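Take a look at the structure below.
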Amino acid sequence: MTLKTRMAGVLMTAVTLAAAALTFAAPASAATLTQVTGFGNNPTNLQMHLYVPDRLASRPAIVLALHYCTGSGPAYHSGTQYASLADRYGFIVIYPSVTRSSLCWDVSSPQALRRGGGSDPVGLMSMVDYVRQRYSADPERIFVTGTSSGAMMTNVLLGDYPDVFAAGASFAGVPFGCFATGGGSEWNSECANGQLVRTPQQWGDLVREAYPGYTGRRPRMQVWHGTNDETLRYPNFGEQVKQWTNVHGLSQTPTYTDSPQSDHTRTRYGSSGGTAPVEAISMQGVSHNLPVDAAQVIRFFGLDGASPPPTTPP
């Protein structure tokens, strides 16, 4: 089986995303998705698209939204509700795109799995720095989310750059370091099949080794996974919870458990509130093509406050 065939299962098409995403009334907007070039160091030739709402908060937050394998930034923009939520709450959304043939993020190379090591994370950080400087963004409110391969990269970025991101949300991903491979392969079958099981301490150590010596705050993490995921198997859900609870020094026992909707089980660790250090949502009977509940992501990020006053983006 070719890499392209295997990775085909790791995608969520824009059509599926659009059909599955929750919808709501949003203010009319003339803002459009715009491509940005020359944004800084970009060793893997990533592309950058930017969505800046017409009503921008005075010190806006930034959400980095990462597509699935075979996808693109524009497809993720059209297939999710992040831009509509940006219209409502005044934050900026960055939609990057991979240009390598698989259209998958590098979450497996040694370069990607350490701070400043190279590959895709360096280009993604250049995008964040560009937006932060150009729009006087709030450095305390920078977030990342993604689906499938983008969820894997969400885990990677929180490990590599814990001082940059306040929180992340992973939809059908795997833990930081789970997809590491030797010999340049992009695919790790053992991880994908849910066979890579480690202790919380072992998973946490992988994250800490990405930025040796770092002792600052760690990003909060929201994890989503379907129990019937046929591509990145369901055990990866529990392994992510192990990893991020350990990183935060928390017990594996939930602080809070509820069912926000039918067949969803939500657990929180370290706090019972809506912005707990770790929040995990298990979706009973759902496959890899899980719906992206962007509104719940923005709620977890703490960006669902009152609408911002009208401003003119620079």
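The values are calculated or read from the model by the stated rules, or taken from the named source; none is laboratory data. Given the structure is predicted, the values throughout are model-derived calculations rather than measurements. Backbone-built Cβ (ideal geometry, glycine too); neighbour counts: all protein chains shown. We work out accessible area using only protein heavy atoms, side chains counted, and drop any ligands, DNA or RNA first. Shrake-Rupley method; radii C 1.70, N 1.55, O 1.52, S 1.80 Å.
Residues in the range 70-81: is at least one among the polar types (S, T, N, Q), modelled with pLDDT of 95 or more, open to solvent by 30 Å² or more (accessible area, probe 1.4 Å) and part of a helix (DSSP H, G or I)? Checked against the condition, which is being among the polar types (S, T, N, Q), modelled with pLDDT of 95 or more, open to solvent by 30 Å² or more (accessible area, probe 1.4 Å) and part of a helix (DSSP H, G or I), the range 70-81 yields at least one hit.
Inclusion of residue 112 among residues that are modelled with pLDDT of 95 or more, buried (at least 23 other Cβ atoms within 10 Å of the Cβ) and touching a Ser or Thr at 6+ places or on another chain (Cβ under 6 Å) is warranted.
Only residues that are farther than 21 Å from residue 81 by Cα and either touching a strand residue (DSSP E or B) at 6+ places or on another chain (Cβ under 7 Å) or modelled with pLDDT under 95 (or both) were counted across the range 285-308, and they come to 0. Just to be sure, is residue 148 of a type in the set (S, T, N, Q) and within 26 Å of residue 249 (Cβ to Cβ)? So residue 148 fails the test.
Taken over the range 113-135, residues that are assigned to a helix (DSSP H, G or I) and in contact with a helix residue (DSSP H, G or I) (Cβ under 6 Å, 6 or more places away or on another chain) amount to 1. Looking at residue 223, is it open to solvent by 50 Å² or more (accessible area, probe 1.4 Å), touching an Asp or Glu at 6+ places or on another chain (Cβ under 9 Å) and either at pLDDT 95 or above or part of a strand (DSSP E or B) (or both)? No.
Answer yes or no as to whether residue 90 is at positive phi, open to solvent by less than 10 Å² (accessible area, probe 1.4 Å) and not hydrophobic (A, V, I, L, M, F, W, C). Yes, satisfied.
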